[in-house]
Amino acid sequence: MTFAFFTQVLVNGLMLGMTYVLIASGFSLIYGIMRLLNFAHGEFYMLGAFATYLLCERLGLDYFTAIALSMIIMAILGVLVYHLFFRPFRDQHDPSLVIALAIAMLIGGLGLLIFGDEDKSVPSPFPGVIKVLGVTLSMERIVVIIVAIILMATLTFYIKYSRMGQAMRAVSQDREAAALQGIGVNSTFTLCMAISSALAGAAGALLAPLFFVNPFIGMHAVLKALIVVVIGGLGSIPGAIAGGLLLGFVESIGNTFLGNITEMLGFVLVMVVLMFRPQGLFGYE
Amino acid sequence: MTKVNRNLWGMVCGVFLCVSIFLPVAGFPATEKVLKIGAIFPLSGRAATWGLAAQKAITIKQEEVNAKGGLDVGGERYKIEIIWEDDKYNAAAGRMAAEKLVNRDRVKFILGTQCSASILAIQPITEPNKILFLVNSYAKEVLSVDKPYSFRMVLTSNEVLQAMYPWMKKTYPQLKTAALIEPNDASGWSIEKDCKRSAEQNGYQVVFSQFYERGTSDFYPLLNKLLVEKPDFIDFTGAPPGDQALIVKQVRELGYKGKTFAGTTINPVQFCKIAGMENAEGHINNTHDLLGSYTTEGQKKYHGDYIAKYGEPFDPVTPKYHLYLDILVQAIEKSGSLDPTVVKETMEKVEDWKTIFGPAKFGGQDYYGIKRQILTPVYISEVIGGKLVNRGTTMPVLP
């Protein structure tokens with residue numbers, strides 16, 4: 001095993017980790033602000049991938065326009081779902097959890113009815129690979145990494161420095177105090193749902209050309225997102241980034257050296273983190 | 001919104017969601033004699049591709065029989081009603097579905113799932129109740145002497161590979177080493193054993209074998225390790241078609257130049273779209289182009305029926321599932337009885353079943369300990385220029 005081999009392992013981990021970051025960031029954002037484990041998040045990811053497929057394949061739009069439109073469509077859908085289903089159960093933990101599961105099942109079932117069970121593909125806008133020092137990097141994965149970094153940086157800056165971002169953090173810390181300061185809790189939640197759904201849409205759009213698209217991809221995605229946010233800290237965007245990258249590296253290294261038991265490593269990691277830091281790596285009590 | 005309104009709204013939402021998920025299907029007029037047949041397949045979840053393919057093929061046969069006035073059972077006509085159940089590729093759901101079919105719907109015949117774990121959970125219900133269970137999954141233990149009411153209606157990886165590996169040896173004598181990638185579950189473990197045995201029997205050295213979790217879409221880490229062993233070909237027979245295409249795409253991106261191989265059916269259009277036309281070139285598989293060479297009249301008719309019902313494009317994964325109801329209908333009509341034991345005995349005796357693939361028979365006495373494995377011709381194809389090219393057909397010879 002050579003230097004190039006080990007470098008490839010790390011690059012694979014980075015690429016895998018960035019896919020997890022993309023999916024988990026929106027999931028974590030919703031929990032952070034709304035205290036809602038949105039199990040339907042994976043289905044928004046699936047719908048984002050299908051939206052990109054339809055926009056590129058059926059309407060012939062270019063890939064980046066399709067990404068932007070997928071994000072907008074998912075944001076609108078997210079707002080609708082919030083107002084129709086989540087808002088009536090705001091502050092009720094158990095009912096909103098069941099509703100989130102039901103919405104996930106409903107969207108998954110409707111996806112199957114509308115799109116069919118066949119795996120579909122989005123033509124790669126950036127085909128081919130480049131080799132650097134014996135390490136293979138596919139162009140489409142490089143694009144995913146770059147766009148994911150841009151999205152995460154934008155989200156982090158938005159939440160930290162923008163007026164609405166500050167409002168989100170205020171609502172996240174103390175809803176009643178925020179409301180007393182004149183912050184609209186409902187409008188903040190609406191915005192949070194829109195951003196989170198748009199992120200899921202972006203993840204689906206970005207990963208669609210790499211993998212395939214079918215109505216079942218959301219289920220696996222949301223499971224990974226849950227592992228990532230528990231490791232990183234529920235509700236923390238830096239935690240989602242750290243958790244996603246950590247899981248990506250662990251799985252890449254595990255696949256290389258441990259083989260068949262790799263899938264368990266994510267859960268082992270969750271247990272270890274919970275034992276020593278129950279709030280997650282970047283979470284707070 | 002008040003608490004009362006919220007609760008009311010919650011109930012409305014709940015009812016709407018339940019109704020939309022569990023909407024019932026229409027049945028037959030009460031005057032017609034109806035034979036209810038249970039069908040348990042993965043109709044949702046990641047393995048739904050297989051379950052829905054089976055549903056399409058079985059429905060074509062069901063409609064064909066009903067259009068002719070129904071099944072002829074000793075001079076009486078019975079329309080076929082299929083009661084579909086979803087096992088979600090899951091043993092617990094499969095068992096629950098079987099309990100319902102046997103105890104509530106009182107079916108005597110069940111067409112079964114592609115999930116080995118589900119079948120193994122269902123058999124303790126079907127066998128003591130003498131329910132004829134026509135199964136699909138690949139696990140060896142699904143067929144055994146103590147399960148006389150279970151018949152396997154598709155060729156498993158064992159039968160397919162017993163035919164494909166000798167063909168491969170003859171066609172590509174320069175290949176010496178193999179790598180195996182299979183899903184990490186009962187089906188994958190069983191198929192990996194079949195692949196390993198077939199490879200070794202044909203003189204190949206297995207230099208790499210690893211399982212992956214279903215749902216995996218990034219195979220780079222696994223493939224990076226595989227490439228170190230420099231295998232001449234990679235066999236991923238147990239992987240679902242979409243995963244196969246992803247493996248082909250990603251292993252080519254990583255620079256692999258050897259052959260790719262899978263003893264399963266694929267949809268070439270879909271496969272090439274995911275894998276990429278260049279990457280898919282030369283992929284060896286067990287798919288039969290129903291409009292190509294080696295095509296029987298029955299296959300041509302099935303192709304026509306499929307297009308008439310479901311439209312283009314044709315799904316080449318579906319024809320193998322046509323055998324289920326086709327053989328059950330023949331067995332019931334030959335035996336002139338709806339008693340599962342009588343039908344079972346007919347299935348044991350008849351040696352020449354007429355199927356869309358040509359003559360078929362049940363075998364496997366030596367290998368499984370009981371003659372319950374259907375044996376039909378195995379078709380071998382390669383993907384060339386984005387299309388299937390039939391390379392040959394051969395009957396499986398069980399070890």
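The values are calculated or read from the model by the stated rules, or taken from the named source; none is laboratory data. Since this is a predicted model, take the numbers as computed values, not measurements. As a convention, Cβ positions derive from the backbone with ideal geometry for all residues, glycine included, and neighbour counts pool all protein chains shown. The protein model used for the area step is the full one, side chains on, heavy atoms only, and it has no ligands, DNA or RNA in it. Shrake-Rupley method; radii C 1.70, N 1.55, O 1.52, S 1.80 Å.
State whether the range B:110-217 is rounded, prolate or oblate according to the following rule on the C-alpha gyration tensor (a ≥ b ≥ c being the square roots of its eigenvalues): a/c under 1.5 gives rounded; otherwise a/b larger than b/c gives prolate, and the remaining case gives oblate. It would help to have the intermediate numbers written out before the result.
Values: a/c = 3.08, a/b = 1.88, b/c = 1.64.
Because a/c hits 1.5 or more and a/b exceeds b/c, the range B:110-217 counts as prolate.
Hey, can you grab everything whose amide H is under 5 Å from the amide H of residue B:177? Only 5+ residues off in sequence or another chain; H modelled, so Pro and N-termini drop out.
Answer set, sorted by chain and number: B:205, B:232, B:233.
Any of B:56/B:349; B:100/B:193; B:36/B:349 with alpha carbons more than 27 Å apart? Name them for me.
Check vs 27 Å cut-off fails for B:56/B:349; B:100/B:193.
May I ask you to list the residues of the range A:44-87 whose amide nitrogen lies under 17 Å from a point 7 Å from Cα along the Cα→beta-carbon direction of residue A:150?
Flagged as within label range: A:62-72.
In what sequence, highest mean first, do A:61-72, A:200-211, A:256-267 appear when ranked by Cβ atoms within 10 angstrom? Each step should come with its number before you reach the end.
On the way: A:61-72: 18.4, A:200-211: 28.4, A:256-267: 15.7.
Highest mean packing first, the order is A:200-211, A:61-72, A:256-267.
Find the relative contact order for chain B and round it to a whole percent, using C-alpha pairs within less than 8 Å whose residues are 6+ positions apart.
16 percent
Per-residue Cβ counts within 10 Å, from other chains only, averaged over A:208-214: what number is that?
5
Apply the Karplus curve 6.51 cos²θ - 1.76 cosθ + 1.60, θ = phi - 60°, to the phi angles in the range A:119-125 and return the couplings in whole Hz, x for Gly and Pro.
6, 10, 10, 9, x, 6, x
Could you pull out every residue, at least 5 positions away or on a different chain, whose amide H is within less than 5 Å of the one on residue B:287? Hs are placed 1.01 Å off N in the peptide plane, and Pro or chain starts have none.
Excluding prolines and chain starts, which carry no amide H, the hits are B:266, B:381.
With a 1.4 Å probe and all protein chains in place, put B:249, B:170, B:354 in order of accessible area, largest first.
B:170, B:354, B:249
Across the residues of A:94-100, average count of Cβ atoms on other protein chains within 10 Å? Before the final figure, lay out each step's value.
Values: counts 0, 5, 0, 0, 3, 4, 0.
Per-residue shielding by partner chains comes out at 2.
Would you tell me the mean number of C-beta atoms belonging to other protein chains that fall within 10 Å of each C-beta in A:255-263, as a whole number?
5
Suppose only helical runs count, i.e. DSSP H with n ≥ 4. What mean residue ellipticity at 222 nm does that imply for chain A under -39500 (n - 2.57) per run, divided by all residues and rounded to the nearest 500 deg cm²/dmol?
Taken over chain A, the calculation gives -24000 deg cm²/dmol.
Compare each residue of the range B:224-258 in its chain alone against the assembly with all protein chains, and report those whose accessible area goes down by 50 Å² or more; 1.4 Å probe, heavy atoms.
B:224, B:225, B:249, B:253
What whole-number distance in Å separates the alpha-carbon centres of the range B:340-399 and the range B:90-167?
After rounding, the separation between the Cα centres reads 17 Å.
I'd like the per residue volume of the convex hull spanned by the Cα atoms of chain B, given in cubic angstrom.
Given the Cα convex hull of chain B, per-residue volume reads 165 Å³.
Averaged per residue, what accessible area in Å² does the protein assembly as shown show with a 1.4 Å probe, protein chains only?
For the protein assembly as shown, the per-residue accessible area is 40 Å².
Write down, largest first, the equivalent ellipsoid semi-axes of the range B:252-399 in whole Å, where each equals the square root of 5 times an eigenvalue of the alpha-carbon gyration tensor.
Computed over the range B:252-399, the values are 33, 19, 12 Å.
Among bridges DSSP assigns within the protein assembly as shown, what percent are antiparallel (round to 5)? If you can, show how the numbers build up before the last one.
On the way: 23 of 55 bridges.
The answer is about 40 percent antiparallel.
Any residues in the range A:129-175 that have 50 Å² or more less accessible area with all protein chains than in their chain alone, probe 1.4 Å, and which are they?
At a threshold of 50 Å² (probe 1.4 Å), the residues of the range A:129-175 that become less exposed are A:141.
Please list, or write none, the aspartates and glutamates whose alpha carbon is within less than 17 Å of the alpha carbon of residue A:224, excluding same-chain residues fewer than 8 places away.
A:43, A:251, A:263, B:213, B:218
Considering only A:134, A:248, A:165, give the residue with the highest GNM mean-square fluctuation for chain A, with springs between Cα atoms whenever their separation is below 10 Å.
Ranking A:134, A:248, A:165 by mean-square fluctuation puts A:134 first.
Give me Rg/Rg_expected for the protein assembly as shown, where Rg uses Cα atoms only and Rg_expected = 2.2 N^0.38 Å with N residues.
1.01
If the cut-off is 20 Å between C-alpha atoms, which aspartates and glutamates fall inside it for residue B:309, apart from same-chain ones fewer than 8 positions away?
Within reach: A:117, A:118, B:63, B:64, B:81, B:289, B:297, B:326.
Normalised by the residues of the range A:3-276, what does the relative contact order come to in percent, with Cα pairs under 8 Å and at least six apart?
Dividing the mean separation by the residue count of the range A:3-276 yields 41 percent.
I need the calculated FRET efficiency for the pair residue B:384 and residue A:187, taking r as the beta carbon distance and R₀ as 51 Å, to the nearest 0.05.
0.30
Karplus couplings for the range B:213-218 from phi (6.51 cos²θ - 1.76 cosθ + 1.60, θ = phi - 60°), rounded to Hz, Gly and Pro as x?
Here the 3J(HN,Hα) series is 6, 4, x, 5, 10, 9 Hz.
How large is ³J(HN,Hα) for each residue in the range B:317-323, as worked out from phi by the Karplus curve 6.51 cos²θ - 1.76 cosθ + 1.60 (θ = phi - 60°), to whole Hz, x for Gly and Pro?
Those phi angles translate into 6, 6, x, 4, 7, 5, 4 Hz.
Check each of the GluC sites (Glu not before Pro) in the range B:85-147 and keep only those in coil by DSSP with at most 10 other C-beta atoms within 10 angstrom; list them in order.
none
Please give the Cα centre distance for the range A:60-75 versus the range B:241-307, rounded to the nearest Å.
31 Å
Roughly how many nanometres apart are two label points built 7 Å out from the Cα toward the Cβ at residue A:57 and residue B:341?
Result: 5.2 nm between the two label points.
For residue B:96 and residue B:68, compute 0.36 nm times the residue count separating them, minus their Cα-Cα distance, and round to one decimal in nm.
6.7 nm
Filter the cross-link list B:259/B:361; B:108/B:371; B:140/B:257 down to pairs whose alpha-carbon distance in this structure exceeds 25 Å.
B:259/B:361; B:140/B:257
Rg and Dmax of the range A:77-118 over Cα atoms: what are they, in angstrom?
That works out to 12.0, 39 Å for Rg and Dmax.
Using a 1.4 Å probe and counting only protein heavy atoms, how much accessible surface gets buried when B and A come together, both sides summed, in Å² to the nearest 100?
3700 Å²
Counting only protein heavy atoms and using a 1.4 Å probe, what share of the accessible area of the protein assembly as shown belongs to carbon plus sulfur, as a whole percent?
64 percent
Given H placed 1.01 Å from N in the peptide plane, which residues other than close sequence neighbours of residue A:282 have an amide H under 5 Å from its amide H?
A:233
Based on C-alpha coordinates, I'd like the Rg and Dmax of the range A:3-276, in Å.
My reading of the Cα-based Rg and Dmax gives 18.5, 59 Å.
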